[in-house]
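Worksheet for the structure shown next.
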Amino acid sequence: MKEQLLIHEVIDLPDEFDIKDFKLFYKDIDLLRLSKDYGTPLRFTFLPTIEEKINEMKLYFKEAIQKTNYQGSYMYYYCTKSSHFRHILQKAIQSNIGVEISSAYDIDLIKSLIEDGNIKKSTKIICNGYKTSDYQAGILSLIQQDHCSVMPIIDSKSELLHYLENLSNTTNLTIGIRINLSFLQTYPHESRFGLSPDNIMSHYHDYIKANGQVSVTTLHFFNEKGLNTGNEYWNVLEEVIRFYCRFKRINPQLTTLDIGGGMPFRSSLNDTIDLSLLVRQLISTIQNICLEEGVQEPDIITEFGKYTVAEATATIFKINEKKQGDRVDWAIIDGSFITHLPDTWAIHQEYPVFPINNLKQNYKPYVLGGLTCDSADYYPNTIDRGYVMLPDTDNEQYITFLHTGAYQEALSGFGGINHCLIPSPKHIIIDRDDHEDLQYTVFSEKQTSHHLLKILGYQK
């Protein structure tokens, strides 16, 4: 039973799983006992996975750089928008990485981490996204306080001018510039992000080149489809690198290419993408184009969010009832996909799904239904619909959705009001102590009726 488990199809179970007494264990965690002890719906975060993912990606880049004799360096950044929680940031920063932020309220988050001693003076902070006046003021405040290394990524001319006009005479400013990909014929749609290549060049000549306080060290881009093996990504990458080389010739201070995020996570345990090979192709592509252009290879920055945190969290539901339908059979969970896993509804995201118990039973296909009155509250919510294989039994049944650690709380509104007043689930944090024993901490309790009514103004 350890080697095979039916979900969408027969798969080989990875090493992090084990099956004992026909129950599923994950990272040595007894998922059935966890479900019964803490109740469902339940979200749990296993913090050691964050460190594992960061170190895994660092190793892929290190090996690719060594094998190709690439002359640039690599720096891993975590983008906070994937999950802003303090326990996530603390664990990620321990792996000697940078942090990418994207809003004014992120500034206060960074200041809190500075006060706690989690962020050091050597910690690198990238400030991305559109900059409101509050965000711009916060960035300048961080730079002037000099508690960490801060670099804004310029997204518009007005942002650039704001820094130039408000920078103190004694402060030097290092910036990056985001390139707008709409200039590419191969890019599928108009983008609102960043500056065109012509504007980057003209702004550099007009405002930066003769300014002794400001230097542009980084060119940033992000392909919204993320890193993948398709030709579109590599065509975009080539054009961006060639512009980098063009910009480097007139701006010797340019040293770094920020390729953004988009590293795939395992949305299915059948995923066959070889990430080490993907990184090797990335390094080789940049190296070969720079060789053609006669330009030194850039240092590389990545901003991996979903890759960093997705696989650290899982969500557990209990099956309330199984209902026979005309064309499909339904298994009704004690939660909601729209509320608890909104990506399944909004972008039809798939996740690895496993039954936790009754694993010796025969399996039968079901569509999972949520508790809301919304017809879209079901899973799998894909074009071909599909199904989930569950044990064919009327006994108490629990299931787990793996790799749900990115964006789900932010999109559903953690601690707020959800569709049909479905409460947010209990969330627990699991870590290992110095003796490698598992430690369980309740981060947040399941929302109560009083909490919901207070938010809505019915109670004080």
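The values are calculated or read from the model by the stated rules, or taken from the named source; none is laboratory data. Worth saying up front: this structure is predicted, and the values here are computed from it rather than measured. Cβ atoms come from the backbone with ideal geometry, glycine included; neighbour counts cover every protein chain shown.
Buried (at least 19 other Cβ atoms within 10 Å of the Cβ), assigned by TED's automatic domain parsing to the domain that holds ILE259 and either at pLDDT 95 or above or not hydrophobic (A, V, I, L, M, F, W, C) (or both): does that describe ASN118?
Numbers: buried (at least 19 other Cβ atoms within 10 Å of the Cβ): no; assigned by TED's automatic domain parsing to the domain that holds ILE259: yes; either at pLDDT 95 or above or not hydrophobic (A, V, I, L, M, F, W, C) (or both): yes.
No: the conditions fail for ASN118.
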Restricting segment 404-448 to residues that are among the small types (Gly, Ala, Ser) and touching a residue at least 24 places away in the same chain (Cβ under 8 Å), the residue that is farthest from GLY369 (Cα to Cα): SER444
Scanning segment 286-301 for residues that are closer than 24 Å to GLY98 by Cα and in contact with a Leu (Cβ under 9 Å, 6 or more places away or on another chain), which turns out surrounded by the fewest Cβ atoms within 10 Å (Cβ to Cβ)? ASP299
Residue pairs meeting the criteria (Cβ under 6 Å; at least 6 apart or on separate chains; first in the same structural domain as PHE222 (by TED's automatic domain parsing), in segment 141-166; second basic (Lys, Arg) and modelled with pLDDT of 90 or more): SER149/LYS124; ILE153/ARG178; ASP155/ARG178; GLU159/LYS131
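Residues are listed down the side, and each one gets a yes or a no for (1) assigned to a helix (DSSP H, G or I); (2) over 21 Å from ILE333 (Cα atoms); (3) among the β-branched types (Val, Ile, Thr); (4) in the same structural domain as PRO41 (by TED's automatic domain parsing):
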| site | (1), (2), (3), (4) |
| --- | --- |
| VAL367 | no, no, yes, yes |
| ILE399 | no, no, yes, yes |
| ASP431 | no, yes, no, yes |
| HIS451 | yes, yes, no, yes |
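Filter segment 349-364 for residues that are under 30 Å from the mean Cα position of the chain (by Cα) and among the aromatic types (Phe, Trp, Tyr); which is farthest from ASP21 (Cα to Cα)? First the steps, then the outcome.
Initial filter on segment 349-364 (under 30 Å from the mean Cα position of the chain (by Cα)): 349-357.
From what's left, among the aromatic types (Phe, Trp, Tyr): 351, 354.
Values: TYR351: 25, PHE354: 16 Å.
Among those that are under 30 Å from the mean Cα position of the chain (by Cα) and among the aromatic types (Phe, Trp, Tyr), it is TYR351.
Based on what the data block shows, is GLU436 closer than 14 Å to THR315 by Cα and either among the charged types (D, E, K, R) or more than 28 Å from the chain's Cα centre (by Cα) (or both)? Talk me through it step by step, then tell me what you get.
Numbers: closer than 14 Å to THR315 by Cα: no; either among the charged types (D, E, K, R) or more than 28 Å from the chain's Cα centre (by Cα) (or both): yes.
So GLU436 fails the test.
Among the listed residues THR123, THR171, THR132, identify the single one that is polar (S, T, N, Q) and within 21 Å of the chain's Cα centre (by Cα). Let's see the steps before the verdict.
Details: THR171 fails: within 21 Å of the chain's Cα centre (by Cα); THR132 fails: within 21 Å of the chain's Cα centre (by Cα).
So the residue among THR123, THR171, THR132 that is polar (S, T, N, Q) and within 21 Å of the chain's Cα centre (by Cα) is THR123.
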LEU368: within 17 Å of GLU396 (Cβ to Cβ) and touching a helix residue (DSSP H, G or I) at 6+ places or on another chain (Cβ under 8 Å), yes or no? yes
For GLN439, all conditions in the list (1) at pLDDT 90 or above; (2) surrounded by 12 or more Cβ atoms within 10 Å (Cβ to Cβ); (3) out of contact with any Ser or Thr (no Cβ under 9 Å at 6 or more places or on another chain) hold save one; what is the number of the exception? (2)
Determine which single condition PHE222 fails, assuming it passes every other condition in (1) more than 28 Å from GLU165 (Cβ to Cβ); (2) among the aromatic types (Phe, Trp, Tyr); (3) buried (at least 18 other Cβ atoms within 10 Å of the Cβ). (1)
Report yes if ILE332 is of a type outside the set (S, T, N, Q) and in a strand (DSSP E or B), otherwise no. yes
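Which count do you get for residues in segment 203-240 that are under 30 Å from PRO264 (Cβ atoms) and in a strand (DSSP E or B)? Write out each step before concluding.
Looking only at segment 203-240, we keep the residues that are under 30 Å from PRO264 (Cβ atoms), and these are 217-240.
Subset that is in a strand (DSSP E or B): 217-220.
Residues flagged as under 30 Å from PRO264 (Cβ atoms) and in a strand (DSSP E or B) within segment 203-240 amount to 4.
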List pairs: first in segment 273-301 and farther than 19 Å from MET263 by Cα and assigned by TED's automatic domain parsing to the domain that holds ASN231, second assigned to a helix (DSSP H, G or I) and of a type in the set (Phe, Trp, Tyr), Cβ under 7 Å, 6+ apart or cross-chain? PRO298/TYR244
Filtering segment 375-417 down to residues that are of a type in the set (D, E, K, R) and at pLDDT 90 or above, which residue is farthest from the chain's Cα centre (by Cα)? ASP394
Keeping to segment 339-350, report how many residues are surrounded by fewer than 24 Cβ atoms within 10 Å (Cβ to Cβ) and either outside any loop (DSSP other than H, G, I, E, B) or not charged (D, E, K, R) (or both). 7
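For every residue, the table says whether it meets (1) without any contact (Cβ under 8 Å) to a residue 12 or more places away in the chain; (2) closer than 23 Å to GLU409 by Cα.
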residue	(1), (2)
PHE17	no, no
ASP21	yes, no
PHE25	yes, no
ARG33	yes, no
PRO41	no, yes
THR45	no, yes
PRO48	no, yes
GLU51	no, yes
ILE54	no, yes
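Take the residues in segment 141-159 that are in contact with a helix residue (DSSP H, G or I) (Cβ under 6 Å, 6 or more places away or on another chain) and among the hydrophobic types (A, V, I, L, M, F, W, C); name whichever of them is surrounded by the fewest Cβ atoms within 10 Å (Cβ to Cβ). It would help to see each step written out before you state the result.
Let us first name the residues in segment 141-159 that are in contact with a helix residue (DSSP H, G or I) (Cβ under 6 Å, 6 or more places away or on another chain), namely 147, 150, 152, 154.
The next check asks that each one be among the hydrophobic types (A, V, I, L, M, F, W, C); those that pass are 150, 154.
Numbers: VAL150: 24, ILE154: 26.
Within segment 141-159, the match that is surrounded by the fewest Cβ atoms within 10 Å (Cβ to Cβ) is VAL150.
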Can ILE301 be described as within 18 Å of ASP374 (Cα to Cα) and in a strand (DSSP E or B)? no
Name the residue that is nearest to GLN447 (Cα to Cα), counting only residues in segment 401-427 that are among the small types (Gly, Ala, Ser) and buried (at least 19 other Cβ atoms within 10 Å of the Cβ). SER424
Hey, among the residues in segment 24-48 that are modelled with pLDDT under 95 and not in a strand (DSSP E or B), which one's surrounded by the most Cβ atoms within 10 Å (Cβ to Cβ)? LYS27
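Answer with yes or no whether THR313 is surrounded by 20 or more Cβ atoms within 10 Å (Cβ to Cβ) and touching a helix residue (DSSP H, G or I) at 6+ places or on another chain (Cβ under 6 Å). Spell out how you get there, then give the answer.
Working: surrounded by 20 or more Cβ atoms within 10 Å (Cβ to Cβ): yes; touching a helix residue (DSSP H, G or I) at 6+ places or on another chain (Cβ under 6 Å): no.
No: the conditions fail for THR313.
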Take ALA64 and decide whether it is in contact with a strand residue (DSSP E or B) (Cβ under 7 Å, 6 or more places away or on another chain), of a type outside the set (Val, Ile, Thr) and part of a helix (DSSP H, G or I). no
